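The structure appears right after this line, and notes come after that.
The values are calculated or read from the model by the stated rules, or taken from the named source; none is laboratory data. None of these values were measured; they are calculated from a predicted model. Every residue, glycine as well, gets a Cβ built from its backbone with ideal geometry; the counts of neighbours run over all protein chains shown. SASA here: full protein model, heavy atoms, side chains in, ligands and nucleic acids out. Shrake-Rupley method; radii C 1.70, N 1.55, O 1.52, S 1.80 Å.
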Amino acid sequence: MAAVRQEFRPAAEAQVRRDMVLDYVVEQERLQATEAELDQRIRELAERRGVPPEQLYASLEKAKRLRDVERSITEEKVFRHLLSLSTVEQA
C-alpha cells in the first residue's frame, strides 16, 4: 500500500497544486461559470446527443455531474484568460 501511495503521490500533489492555482485565478478574476453558460453548454451537449436539454439536465443532476460541467466551463474560462495574458516571443 505504501508503494502505491508513493507512486501516485507526485501526480496527486501536482493535481492539488493545479486546482489551487485554478481556484485562485477563478476567485481573483471572477471567472466562475454562469448559469447562462451552464444552460448553453447543456443545450449544446443535448443537441449533439439528440436529446432534449431538460432530459440531459435531469440526467446530469441525478448523476451529480452538473458540477463537473460547471467546473469544465470555469476551467476553460481560466485557460482563455491565462492565454490572453501570455506573450510569445520569436527567437
Return the pairs, sorted by first residue and then second, in which the second residue is of a type outside the set (Lys, Arg) and open to solvent by 40 Å² or more (accessible area, probe 1.4 Å), the first residue lies in segment 32-52 and is closer than 16 Å to Lys77 by Cα, the beta carbons are less than 7 Å apart, and the residues are 6+ apart or on different chains. Ala33/Glu70; Leu38/Glu70
Return yes when Leu22 is under 19 Å from Leu82 (Cβ atoms), open to solvent by less than 70 Å² (accessible area, probe 1.4 Å) and either touching a residue at least 40 places away in the same chain (Cβ under 8 Å) or out of contact with any His (no Cβ under 7 Å at 6 or more places or on another chain) (or both) and no when it is not. yes
Report, ordered by the first and then the second residue, all pairs with beta carbons closer than 6 Å, sequence separation of six or more or different chains, a first member in segment 73-91 that is in contact (Cβ under 8 Å) with a residue 12 or more places away in the chain, and a second member that is among the charged types (D, E, K, R) and open to solvent by 40 Å² or more (accessible area, probe 1.4 Å). Ile73/Glu37; Ile73/Arg41; His81/Glu29
Just to check your reading of the model, which residue among Gln55, Gln15, Gln6, Gln40 is out of contact with any His (no Cβ under 9 Å at 6 or more places or on another chain) and either loosely packed, with under 10 Cβ neighbours inside 10 Å or aromatic (Phe, Trp, Tyr) (or both)? Gln6
Might you check whether a residue that is modelled with pLDDT of 95 or more, among the hydroxyl-bearing types (Ser, Thr, Tyr) and farther than 21 Å from Gln15 by Cβ occurs anywhere in segment 33-49? yes
